[in-house]
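*Asks:* Sharing a structure below in structure tokens format, with a few things to ask.
The values are calculated or read from the model by the stated rules, or taken from the named source; none is laboratory data. These figures come from a predicted structure and were not determined experimentally. Cβ placement follows ideal geometry from the backbone for every residue including glycine, while neighbour counts extend to all protein chains displayed.
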Amino acid sequence: MAVSQRLAPTLLSSLLLASSSTLACRGPQREPETTAVVEPEPQPSAPVEGPQPADDSSVAADPDPAQPSTPTEPERFDLVVAFFSPGNGTDHEAASRLDFIVGKVEGLRHTRGHWGKEGEHDECFDLSALSAAQRRDFLTKVRAAVGSSDRVTITEHAPCRNDR
């Protein structure tokens, strides 16, 4: 008798035993129990005679439904320089050039917003403290320093992204 013929009954009985014990562990399948909730019917209230005191506590403080609520607009900056990465990182040299220009301007409000996994960020500027001539000069210098980069966008009057 070959070895495979001697092992076949043992293997078959082992498989049957394993599958039956697996099924036995699961137990019988039952429908989930549900409970019905019965609420009592409201009883009519008896009318109260005479003048009633003013009770403002029952008035809800909800906003007027006739006026639609508007979401708050994000703060907009005069200038947003976005450094993005198409898969090969942001333009660090352009960021250094921008930092050099920013360091020379006094009274400039500057915020940095981080939003990407590869160092993507926005450099956001409020130019309201600058005179009209200073604003033009600053915008010209920024465009000259970083405008030619294929990994930088320059936008005026835009929100600053900060998702991290």
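*Asks:* Determine whether His110 is in contact with an Asp or Glu (Cβ under 8 Å, 6 or more places away or on another chain), without any contact (Cβ under 8 Å) to a residue 40 or more places away in the chain and not aromatic (Phe, Trp, Tyr).
*Replies:* Yes.
*Asks:* Scan the range 113-130 for residues that are more than 19 Å from Thr90 (Cα to Cα) and either without any contact (Cβ under 8 Å) to a residue 40 or more places away in the chain or surrounded by fewer than 18 Cβ atoms within 10 Å (Cβ to Cβ) (or both) and jot them down.
*Replies:* Residues satisfying the conditions are Asp126, Ser128, Ala129, Leu130.
*Asks:* Restricting to the range 112-131, count the residues that are under 24 Å from the mean Cα position of the chain (by Cα) and more than 11 Å from Leu79 (Cβ to Cβ).
*Replies:* Looking only at that region, the number is 10.
*Asks:* Out of curiosity, is Arg143 closer than 15 Å to Thr155 by Cβ, surrounded by fewer than 17 Cβ atoms within 10 Å (Cβ to Cβ) and not small (Gly, Ala, Ser)?
*Replies:* Yes, satisfied.
*Asks:* Condition first: modelled with pLDDT of 95 or more, surrounded by 11 or more Cβ atoms within 10 Å (Cβ to Cβ), of a type in the set (S, T, N, Q) and part of a loop (DSSP other than H, G, I, E, B). Can you find one or more residues in the range 86-106 that meet it?
*Replies:* Scanning the range 86-106 turns up at least one residue that is modelled with pLDDT of 95 or more, surrounded by 11 or more Cβ atoms within 10 Å (Cβ to Cβ), of a type in the set (S, T, N, Q) and part of a loop (DSSP other than H, G, I, E, B).
*Asks:* Of all residues in the range 146-163 being surrounded by fewer than 12 Cβ atoms within 10 Å (Cβ to Cβ) and farther than 18 Å from Glu93 by Cα, which is modelled with the lowest pLDDT?
*Replies:* Per the criteria, the residue is Asp163.
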